[in-house]
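Trainee: Handing you this structure, nothing more for now.
The values are calculated or read from the model by the stated rules, or taken from the named source; none is laboratory data. Small disclaimer: the values here were computed from a predicted structure and weren't measured. Here the Cβ positions follow ideal geometry from the backbone for every residue, glycine too, while neighbour counts run over all protein chains shown.
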Amino acid sequence: MSNRRGRAAEKKPRAARGTNKKGFMNLVESDIDTKRLRDIKLADKPKIDFLLSLAPNPGCENCFANLFMWGEVYGLEILEIGERRAVVYNGRDNYLYFPLGGLPQPAELAEICAAFARAGLVAPRSRIYNVPPDYPQIFPSARELFDFDENPDEADYLYDVERQIALSGPKLRKKRNHIKHFLSQNPQMRVEPLCEGNFARAMRFMDAEDEKKCLFAEEVAIGSAFANFRGLGLYGCVLYSAPDKIAAAAVMGEISGGAHSVHFEKSDKLSDGASQMIVRCEAEAIRGRGGKFMNREQDLGDPNLRRAKESLDPDIMYRRLGARPKNA
């Protein structure tokens, strides 16, 4: 899924805003007060959804739910800059997310970085995370101010939901066979939408799977997801292999441009075919909500996750960038 933003003209900073000696927009004096950083609240969802809509893309980080659910784990804070801009700050690891709102001019982006560096919140050449892949092409002058890089561990895997339902083609043949085996071995299987009626059971199942792998930080994020399920606009599905036995469960949410993110997915490794069956269930749930693409997020350099995501034959890789200010 390509970003389809129009090629914006690079405007000169308005004189009313003022410029510094390098000609950058002097935003710090009037707009950027890092003392106003605060935790992300559920009540911020309408505002952040609006800002994300100004520059939509299918990346999993461009989603209020992800920012909110992982806020406690990463110490995420938000700084609002006027009505059409906000910046998310990772307080645990001390770096900035690419600003929310319409695409910032390179000079504005540099000024935001400088303000956080002056406040001692980031290093002068700290890497900005989640830069849209096409940003350097839209603003060629950005390469004069920033060094850009691409980390394959940070790329999102996106899949056409119709392909994941049909499982057509030789690359997905094994998935079809696993699903057939699951169905034949579990004649009483059923799928339920994730809802208040099965929250407690599904959450216990997901927490137990996390504990097996010592994924304690993810337990915190999952707890936030269930505690704020409706407010975050989440949905999901629960796969049973028998009337009272969960084989897999997933929590999902909409991003933009027809893409939906699989925020959390857990399956019982002792239930053959459950991990393949839940993917099809997710694809069907996304299609039922009018979605076209499933974002299964990053592999974070984990070889097992990478093999699993590649085995589903991704249709698109969303290769977000990082950016470091030059001459800071």
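Trainee: Sort through LEU194, LEU215 and tell me the only one that's aliphatic (A, V, I, L, M) and either in contact (Cβ under 8 Å) with a residue 40 or more places away in the chain or on the phi > 0 side of the Ramachandran plot (or both).
Mentor: LEU194
Trainee: Check segment 265-272 and report whether any residue there is assigned to a helix (DSSP H, G or I) and outside the structural domain of PRO99 (by TED's automatic domain parsing). Talk me through it step by step, then tell me what you get.
Mentor: Pass one, segment 265-272, residues assigned to a helix (DSSP H, G or I): none.
No: zero hits.
Trainee: Still on this model: Can we say MET277 is buried (at least 21 other Cβ atoms within 10 Å of the Cβ) and either at pLDDT below 95 or in a helix (DSSP H, G or I) (or both)? Let's see the steps before the verdict.
Mentor: On the way: buried (at least 21 other Cβ atoms within 10 Å of the Cβ): yes; either at pLDDT below 95 or in a helix (DSSP H, G or I) (or both): yes.
Answer is yes for this residue.
Trainee: Would you check which residues across segment 152-192 are farther than 22 Å from LYS269 by Cβ and either at pLDDT below 95 or of a type in the set (Asp, Glu) (or both) and list them?
Mentor: Filtering segment 152-192 for residues farther than 22 Å from LYS269 by Cβ gives 152-156, 158, 160-163, 165-166, 168-171.
Residues satisfying the conditions are ASP153, GLU154, ASP156, ASP160, GLU162, SER168, GLY169, PRO170, LYS171.
Trainee: Test ALA86 against the stated conditions and say whether it is outside any strand (DSSP E or B), in the same structural domain as ASP39 (by TED's automatic domain parsing) and either aliphatic (A, V, I, L, M) or at pLDDT 95 or above (or both). Steps first, please.
Mentor: Values: outside any strand (DSSP E or B): no; in the same structural domain as ASP39 (by TED's automatic domain parsing): yes; either aliphatic (A, V, I, L, M) or at pLDDT 95 or above (or both): yes.
Considered against the rule, which asks whether it is outside any strand (DSSP E or B), in the same structural domain as ASP39 (by TED's automatic domain parsing) and either aliphatic (A, V, I, L, M) or at pLDDT 95 or above (or both), ALA86 comes out as no.
Trainee: Looking only at segment 292-304, count how many residues are surrounded by fewer than 20 Cβ atoms within 10 Å (Cβ to Cβ) and either more than 17 Å from PHE264 (Cα to Cα) or under 16 Å from the mean Cα position of the chain (by Cα) (or both).
Mentor: In the first step, residues of segment 292-304 are kept if they are surrounded by fewer than 20 Cβ atoms within 10 Å (Cβ to Cβ); the result is 292, 300-304.
Still in the list and also either more than 17 Å from PHE264 (Cα to Cα) or under 16 Å from the mean Cα position of the chain (by Cα) (or both): 292, 300-301, 303.
Residues in segment 292-304 being surrounded by fewer than 20 Cβ atoms within 10 Å (Cβ to Cβ) and either more than 17 Å from PHE264 (Cα to Cα) or under 16 Å from the mean Cα position of the chain (by Cα) (or both): 4 in total.
Trainee: Read through the list (1) touching a strand residue (DSSP E or B) at 6+ places or on another chain (Cβ under 8 Å); (2) within 13 Å of ARG280 (Cβ to Cβ); (3) not in a helix (DSSP H, G or I), then give the number of the only condition that GLN188 fails.
Mentor: Against the list (1) touching a strand residue (DSSP E or B) at 6+ places or on another chain (Cβ under 8 Å); (2) within 13 Å of ARG280 (Cβ to Cβ); (3) not in a helix (DSSP H, G or I), GLN188 comes up short only on (2).
Trainee: One residue is enough: does segment 281-289 have a residue meeting the conditions in the same structural domain as HIS178 (by TED's automatic domain parsing), closer than 13 Å to ALA247 by Cβ and small (Gly, Ala, Ser)? Give the derivation first.
Mentor: Applying the first criterion (in the same structural domain as HIS178 (by TED's automatic domain parsing)) to segment 281-289 yields 281-289.
Within this subset, residues satisfying the condition of being closer than 13 Å to ALA247 by Cβ are 281.
Next, only the ones that are small (Gly, Ala, Ser) stay: none.
The answer is no, given that none of the residues of segment 281-289 is in the same structural domain as HIS178 (by TED's automatic domain parsing), closer than 13 Å to ALA247 by Cβ and small (Gly, Ala, Ser).
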